[in-house]
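One structure below.
The values are calculated or read from the model by the stated rules, or taken from the named source; none is laboratory data. Bear in mind that the values here come from a model prediction, so they are computed numbers and not experimental data. Virtual Cβ from ideal backbone geometry, glycine too; neighbours counted across all protein chains shown. Surface areas here come from the heavy atoms of the whole protein model, side chains and all, with no ligands, DNA or RNA. Shrake-Rupley method; radii C 1.70, N 1.55, O 1.52, S 1.80 Å.
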Amino acid sequence: MIYLVLFLVLLVLMLLYFRIADHYNIVDHPNERSSHSEVTIRGGGVIFAIAIIFAVLMHSVYWLPGLGLLMISVISFIDDRINLSSRLRVMVHVAAVTLMFMFLQLFMLHFYVCIVLYIIAIGIINMYNFMDGINGITGIYTLVLLAGLQYVNLNMQPFIEADLIWLPMLASVVFLFFNFRKRAKCFAGDVGSVAIAFWLVFLLFRLIQVSGNFTYILFLSVYGVDAVLTVVHRLILKQNIFQAHRLHFYQVLVNEQKMPHLFVAVSYALIQLLIIALIILYKDASVILVFIAVVAPLAILYIAIKPRLMITRIQAFK
């Protein structure tokens, strides 16, 4: 019953945000990175941050990562309104991740290990933000990932209070109601993609810490392979990897091959769901073998198919 009430509260808060966004003109204008052509309400992903803050209030022991989430959400929301300097954003991201690491007591590890973990955490947060480019993809991919984490939490390796996963799942459903459409009512904005990415990093790090199983990081493998290989592709093309672009595999599918947004979003989520199921099924398998079995096919598909799709589209205009 409590979850139904919380769902309705989140739904009302989302509708209230739409009125605020309309009044203050918080909208997304298409640009060179966009895969849409209409002006749309931006920042609807604030519902993720609100839901997680509710969960932290219910379990106050998690106030440190909760404070980190609040910090990173606020700076991202401001960045949705005005373009802040990248240095300021990075400073806040580092501070937020530091609070997370303090809670997880990761500073007991070797200094160089901590540096690597900072790079991984901030890299995942930015990756999740870059992958938020078409209708439905952030909401449904997040829902699948959270469902996988909750299954592990409830049936295999308890690592966190269930509310800290259930509430962002409810937020995903509310967000999808307005975003999983041919013409979306709203986009997540940086506040949405960055906030949920921060929380997913926290959940994954917590699970890996408790279980000692590093293969759980592959719950992000579909996004990870697309993001990393796209960076490599752009470096080969001698492009500035910090500038907006449309070279992610999902962007090529939507913009070059004209595939429907929702079809691509669901495809990404279903592939990730299959991988999550395999990781759960073969939880005791060799970590190296699992990484190879998951990453290698994704990388091969990316390398083999993406250039062909881009060439096909170019030839169509000749």
Residue hits (the range 221-275; farther than 19 Å from L309 by Cβ, free of Cβ contacts under 8 Å to residues at least 24 places away in the same chain and of a type in the set (S, T, N, Q)) are N240, Q243
Pull up the range 76-105, narrow it to residues that are open to solvent by less than 20 Å² (accessible area, probe 1.4 Å) and aliphatic (A, V, I, L, M), then point me to the one that is nearest to N25 (Cα to Cα). A96
With respect to D132, is the statement that it is open to solvent by less than 30 Å² (accessible area, probe 1.4 Å) and among the acidic types (D, E) true? no
Name the helices (runs of 4 or more DSSP H) wholly inside the range 41-129 in which the number of residues that are more than 27 Å from Y17 (Cβ to Cβ) is 3 or more. 86-104
Of those in the range 56-75 that are touching a Leu at 6+ places or on another chain (Cβ under 7 Å) and surrounded by 24 or more Cβ atoms within 10 Å (Cβ to Cβ), the residue nearest to F202 (Cα to Cα) is P65
Take I165 and tell me if it is among the aliphatic types (A, V, I, L, M) and not in a helix (DSSP H, G or I). no
Would the range 308-318 turn up any residue that is of a type in the set (V, I, T) and open to solvent by less than 70 Å² (accessible area, probe 1.4 Å)? no
Of the residues A269, A265, A304, only one is of a type in the set (G, A, S) and either loosely packed, with under 12 Cβ neighbours inside 10 Å or over 19 Å from the mean Cα position of the chain (by Cα) (or both); which? A304
If you go through the range 135-151, how many residues are open to solvent by 40 Å² or more (accessible area, probe 1.4 Å) and part of a loop (DSSP other than H, G, I, E, B)? 0
Any hit, the range 236-251, residues being open to solvent by 50 Å² or more (accessible area, probe 1.4 Å), in a helix (DSSP H, G or I) and either at pLDDT 95 or above or more than 20 Å from I137 (Cα to Cα) (or both): yes
Within the range 252-268, how many residues turn out to be outside any helix (DSSP H, G or I) and polar (S, T, N, Q)? 1
With the condition kept exactly as written, say whether any residue in the range 152-165 is surrounded by 18 or more Cβ atoms within 10 Å (Cβ to Cβ), under 17 Å from the mean Cα position of the chain (by Cα) and at pLDDT 95 or above. yes
